[in-house]
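*Asks:* Got a structure for you, questions after.
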Amino acid sequence: MRRLGLGLVSKPVRTPSPHPSGATPPPVPKDLVPEHVAIVMDGNGRWAKERGLPRTKGHEEGESSLFDVVEGAIEIGVKAISAYAFSTENWSRSPDEVKFLMGFNRDVIRRRRDEMNELGVRVRWAGRAPRLWKSVINELKVAEELTRDNTVCTLTMCVNYGGRAELTDAMRRMGEDVRAGKLRPEKITDKTIEKYLYVPELPDADLIWRTSGEQRLSNYMLWQAAYSEFVFTDVLWPDVDRRHLWHAIETYASRDRRYGGAAPNPV
């Protein structure tokens, strides 16, 4: 299991803002808190439709949900959050929605990067560059550079991301290194493949958390989810806040993770 390289924070960071309700994290033992939570932020379109609003309004409302969840993750001790912001399949949506999502992702990153930096959050990008707007890539790179030394938590924005695309791109780069004589096929192991993923230092996803009640992976983190626990929350993403994350973590903490081993014999 890969671990994040965590050291001492080299600069002052602010603590997360308290939840308006006064809610605090549940008493989950530290060793049962997932290190990496990968989130499928589902339900924006349905949230808007239920209110007679355009789908884009649901995406707008979902922004505050993500960053409340990030603050809740810091409070409970999660070290990595990955957010499925735009998939390789999302290009099939209407041109107007795609255009909105490109601009929205760009603007969210610009709006929130200073806030994430103040919290000690390191921002990373996972995804393919082709087709992605250059302005989006530029904002992601600026955020990565600004926050590169932060160690409180890592937020990986998965933009133009797909699990199959990630593995295809990794295999392509490996093939190029084999052809160049830099890599011997018989020496390839799981650890070798991990080095070619979009964010090599990102640990496996302990918890895959999906909102809106849908129960599928949707081509998300196929490699990293090999031994993930899955929690599905029947709440549309714009209605989510850190308390839903905490509940998902409580559910995760109650699971018996055996990694292929047998369950212990009952006493």
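Read-outs: derived from the displayed coordinates by stated rules, not from any lab. What you see is a predicted model, and the numbers here were worked out from it, not measured in a lab. All Cβ positions, even for glycine, are placed from backbone atoms using ideal geometry, and neighbour counts span all protein chains on display.
*Asks:* Springs between alpha-carbon pairs under 10 angstrom, Gaussian network model over the chain: which of Asp31, Asp239, Asp42 fluctuates most?
*Replies:* Asp31
*Asks:* Still on this model: Which residues' amide hydrogens lie under 5 Å from the amide hydrogen of Glu35, considering only partners 5 or more residues apart or on another chain, with H built in the peptide plane?
*Replies:* Long-range HN contacts for Glu35: Asp206.
*Asks:* What is the chain by shape, rounded, prolate or oblate, if you read a ≥ b ≥ c off the alpha carbon gyration tensor as root eigenvalues and call it rounded for a/c under 1.5, prolate for a/b larger than b/c, and oblate otherwise?
*Replies:* Because its axes are fairly even, with a/c under 1.5, the chain counts as rounded.
*Asks:* While we're looking at this one, here's another question. So how much slack lies between Arg131 and Asn219, counting 0.36 nm per residue of separation and subtracting their Cα-Cα distance, in nm? Each step should come with its number before you reach the end.
*Replies:* On the way: separation 88, 0.36 × 88 = 31.68 nm, distance 1.84 nm.
Separation in residues times 0.36 nm, less the Cα-Cα distance, equals 29.8 nm.
*Asks:* So, one more: How about Lys187: which lysines have a C-alpha closer than 28 Å to its C-alpha, ignoring those fewer than 8 places off in the same chain?
*Replies:* Leaving aside lysines fewer than 8 places away in the same chain, those within reach of Lys187 are Lys195.
*Asks:* Another question, then. Using 0.36 nm per residue of separation minus the Cα-Cα distance, give me the extension gain between Arg184 and Val142 in nm, one decimal.
*Replies:* Details: separation 42, 0.36 × 42 = 15.12 nm, distance 3.55 nm.
Gain on stretching Arg184 to Val142: 11.6 nm.
*Asks:* Please report the relative contact order for the chain, taking Cα pairs under 8 Å with a sequence separation of at least 6, and give it as a percent rounded to a whole number.
*Replies:* On the way: 435 pairs, mean separation 76.6, N = 267.
Worked out over the chain, it gives 29 percent.
*Asks:* Number of Lys pairs in region 1-151 with C-alpha atoms less than 23 angstrom apart, excluding same-chain neighbours closer than eight positions?
*Replies:* Taking region 1-151 as the scope, the lysine pair count is 9.
*Asks:* In region 188-246, if every C-alpha pair distance is counted and binned at 10 Å from zero, what percent goes to each bin?
*Replies:* Bin by bin from 0 Å, the calculated values are 20, 43, 27, 10, 1.
*Asks:* Here is a further query. Apply the a/c threshold of 1.5 to the C-alpha gyration tensor of region 95-236 and tell me whether it is rounded, prolate or oblate. Could the numbers behind the result be given before it?
*Replies:* On the way: a/c = 1.56, a/b = 1.30, b/c = 1.19.
Prolate, because a/c is 1.5 or more and a/b exceeds b/c.
*Asks:* Would you mind working out the magnitude of the charge dipole of region 1-142 relative to its Cα centre, with +1 at each Lys and Arg C-beta and -1 at each Asp and Glu C-beta, to the nearest 20 Debye?
*Replies:* Working: 24 positive and 18 negative charges, 123 e Å.
Approximately 600 debye in magnitude.
*Asks:* Considering amide H positions built from the backbone, and no H for Pro or chain starts, which residues 5 or more places from Thr154, or on another chain, come under 5 Å of its amide H?
*Replies:* Ala80, Ile81, Arg122
*Asks:* Further question: For every helix of n ≥ 4 consecutive DSSP H residues, a contribution of -39,500 (n - 2.57) applies; sum these over the chain, divide by its total residues, and give [θ] at 222 nm rounded to the nearest 500 deg cm²/dmol. Walk me through the numbers before you get to the answer.
*Replies:* Details: 7 runs with 102 residues, N = 267.
Computed mean residue ellipticity for the chain: -12500 deg cm²/dmol.
*Asks:* Per residue, what volume in Å³ does the convex hull of the Cα atoms of region 1-152 enclose? Please report the intermediate quantities before stating the final value.
*Replies:* On the way: hull volume 21.4 nm³, N = 152.
Value for region 1-152: 141 Å³ per residue.
*Asks:* Could you tell me which of rounded, prolate or oblate describes region 26-66, using a ≥ b ≥ c as the square roots of the eigenvalues of the alpha-carbon gyration tensor, with rounded for a/c under 1.5 and, failing that, prolate when a/b is larger than b/c and oblate otherwise?
*Replies:* prolate
*Asks:* Please work out the Cα convex hull volume for region 109-189 and give it in Å³ per residue. Walk me through the numbers before you get to the answer.
*Replies:* Details: hull volume 10.3 nm³, N = 81.
With only Cα atoms used, region 109-189 gives 127 Å³ per residue.
*Asks:* By how many nm would the segment from Leu53 to Lys99 grow when fully extended, if each residue of separation counts as 0.36 nm and the alpha-carbon distance is taken off?
*Replies:* Details: separation 46, 0.36 × 46 = 16.56 nm, distance 1.76 nm.
So the chain would gain 14.8 nm between Leu53 and Lys99.
*Asks:* Moving on to the next point. What is the percent of Cα-Cα separations in region 39-119 that go past 15 Å?
*Replies:* Values: 2007 of 3240 pairs.
For region 39-119, the fraction of Cα-Cα distances above 15 Å is 62 percent.
*Asks:* Run the numbers on region 108-267 and let me know its relative contact order in percent, using alpha-carbon pairs under 8 Å that are six or more apart. List each step's numbers first, then the result.
*Replies:* On the way: 180 pairs, mean separation 28.8, N = 160.
Contact order relative to length: 18 percent.
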